[in-house]
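The structure appears below as structure tokens.
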Amino acid sequence: MLGQTMLGQDVKGKAASFRLSGAGVALAVVCIAAGAAVAALVGKPAPLWIGIAIGIYLLFAVKVADQWEKVAVLRLGRFIGLRGPGIFLIVPVVDRLSRYVDQRVRVANVTAESTLTRDTVPVSVDAILFWVVWNAEKSILEVENFVEAIMLSAQTGLRESIGRHELSQMITEREMLGRELQRILDEKTNPWGITVQSVEIRDVRIPQALEDAMSRQAQAERERQARIILGQAETEISDKFAQAALVYRDNPVALHLRAMNMLYEAIKERGSMVIVPSSAVETMGLGGSLATAALGGAKAA
């Protein structure tokens, strides 16, 4: 897929270097038409041939570059300068144009399939590359096909970055991985007059079997954490009970009050009769209290 894309871009670039401009075609038509008209007036074919010669010359001499384009002019194989944007003239046969260089920000999709991470996990990573040609002269003269060079360098750099990181880092630290890849590529492409502005990691895919295993591992980890939290809660509760036992041991009155409060809460919430053993009544001293309350009630009656 990458080779087909590069071949298509190379053919497109070569075709663009030989493209005819609309202005040149228009001037060629005007010259030929003018020559034909003059030849018809004077009755001689010489003006027609002159018009055809001038038209063919202008057809190949007049070139136009778009606002975002630059092109190098080579005269007898030697670089004489950049042209564009706008209209410019060349000397046909003597001058030759390189491919037109687009200086807008470009976007490229880079893929690394079945690449091993640092912890030997096979992953497939998709990344988006944003790059721009800031020096058209270097990009034309320093490298044969800068588009292909960038794509292959990006693919190689992405594989190197994957091999230096573990799977967990690639999943959770995509921005860091993109910045590292951008730095690696920028060091390679700067001598070519090209800057890699940013790299964004779009997707990290792992085998389905490994994904299922990681899901089960995460579920088991959550269950383990839940049991740890429950055990910690039981430990804290037992510590509180031990502290309360120490307080009740040194203060029997507090223990009796707590027992009476528990009994009262049970009766109030349930709204039913509660049978209390006589030993518990004697221990809490409820017999005397109940008798006193009963006598008080009888006197009042």
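Every number here is computed from the coordinates shown, using simple stated rules; none is lab data. All of these numbers come straight from a predicted model, not from anything done at the bench. All Cβ positions, glycine included, derive from the backbone under ideal geometry; neighbour counts span all protein chains shown.
So here's what we get for this one:
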| item | result |
| --- | --- |
| Where only alpha carbons of the range 106-206 are counted, the Rg and the Dmax (Å) | 13.7, 43 |
| Where labels lie 7 Å past Cα in the beta-carbon direction, separation of THR172 and SER238 in nm | 3.2 |
| Calculated from backbone phi, Karplus (6.51, -1.76, 1.60) coupling profile of the range 46-59 in Hz, x at Gly/Pro | 4, x, 5, 5, 5, x, 5, 5, 5, x, 5, 4, 5, 4 |
| Reciprocal of mean inverse Cα separation for the range 12-124 (Kirkwood radius, Å) | 17.3 |
| Residue-wise HN-Hα coupling along the range 181-192, computed from phi with Karplus coefficients 6.51, -1.76, 1.60 (Hz; x: Gly, Pro) | 5, 5, 5, 5, 5, 5, 5, 6, 8, 4, x, 8 |
| Difference of contour (0.36 nm per residue) and Cα-Cα distance, ALA37 to ALA254 | 65.5 nm |
| Rounded to whole Hz, the Karplus (6.51, -1.76, 1.60) HN-Hα couplings of the range 76-92, x for glycine and proline | 6, x, 9, 6, 10, x, 9, 10, x, x, x, 8, 8, 10, 10, 9, x |
| Residue-count net charge about ILE194 - beta-carbon cut-off 14 Å; Lys, Arg +1, Asp, Glu -1 | -2 |
| Amide hydrogen neighbours beyond the local backbone of ARG118, cut-off 5 Å, H modeled | HIS165, GLU166, LEU167 |
| Straight-distance crosslink candidates among aspartates and glutamates, where the alpha carbon sits under 13 Å from LYS70 and sequence neighbours closer than 8 are dropped | ASP102, GLU137 |
